[in-house]
Amino acid sequence: MKLNTLKPAPGSKSERHRVGRGIGSGWGKTAGRGHKGQKARSGGFHKLGFEGGQMPLHRRLPKRGFNSPTRNDVAEVRTGELQAMKASEIDLAALKAEGVVPRGALAAKVILAGTLERKLALKEIRVSKGARAMIEGAGGSIHITEKPKVEKKKKEKKAKKPDAEAAAAPEAQKEAPKS
């Protein structure tokens with residue numbers, strides 16, 4: 001047996017129907033679409049979930065929940081996982097290298113879960129209040145560089161047009177009672 005002599009078993013493969021190729025093919029004239037009606041015409045099939053004009057199920061049910069597109073950007077790290085790590089200076093790259101956070105994570109936050117009894121230096125990693133107390137209690141340190149705050153430009157309010165005030169003043173004089 002050679003690769004160039006392999007063939008499918010006889011009768012297992014049949015040629016596709018070539019519709020609309022004359023009456024001799026058995027699929028001529030209407031090409032298997034029947035007579036008239038929506039399905040006989042081009043572009044005439046309903047969308048998935050169409051229920052004959054009735055409000056479809058997926059539109060009758062209420063919307064529920066929210067899937068955040070950025071939920072995996074900040075990974076959670078437990079203090080117990082920090083205890084098990086080999087490195088003493090920990091940043092995002094070290095967490096990724098040891099497989100504590102996923103490779104796609106853009107940031108990490110340490111939360112209080114488990115115990116931490118060794119001295120660690122965290123760099124550019126967010127920390128919860130409880131985890132901060134535990135890390136600093138064990139003699140560790142946390143270094144986070146503050147991002148400069150950008151002040152938003154305030155839009156100046158447009159001053160009232162002097163023409164409107166001038167036009168209003170003579171009208172007030174006209175309406176004042178004459179004495």
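Only the coordinates and a few stated rules stand behind these numbers; no lab work does. Given the structure is predicted, the values throughout are model-derived calculations rather than measurements. Cβ coordinates were reconstructed from backbone atoms using ideal geometry, including for glycine residues, and neighbour counts include every protein chain displayed.
Return the residues of the range 13-51 that are over 30 Å from residue 61 (Cα atoms) and assigned to a helix (DSSP H, G or I); say none if nothing qualifies. Don't jump to the end; show me each part of the working.
Within the range 13-51, the first condition is being over 30 Å from residue 61 (Cα atoms), and the residues that meet it are 13-37, 40-42.
Residues satisfying the conditions are 23, 24, 25, 40.
Restricting to the range 67-96, give me the number of residues that are closer than 11 Å to residue 113 by Cα and either among the charged types (D, E, K, R) or exposed (fewer than 14 other Cβ atoms within 10 Å of the Cβ) (or both).
4
Is there a residue being closer than 30 Å to residue 110 by Cβ, aromatic (Phe, Trp, Tyr) and either in contact with a Cys (Cβ under 9 Å, 6 or more places away or on another chain) or without any contact (Cβ under 8 Å) to a residue 24 or more places away in the chain (or both) anywhere in the range 66-73? Steps first, answer last, please.
Restricting attention to the range 66-73, the residues satisfying the condition of being closer than 30 Å to residue 110 by Cβ are 66-73.
Applying the additional criterion that residues be aromatic (Phe, Trp, Tyr) yields 66.
Then keep just the ones that are either in contact with a Cys (Cβ under 9 Å, 6 or more places away or on another chain) or without any contact (Cβ under 8 Å) to a residue 24 or more places away in the chain (or both); that gives 66.
Yes, the range 66-73 contains a residue that is closer than 30 Å to residue 110 by Cβ, aromatic (Phe, Trp, Tyr) and either in contact with a Cys (Cβ under 9 Å, 6 or more places away or on another chain) or without any contact (Cβ under 8 Å) to a residue 24 or more places away in the chain (or both).
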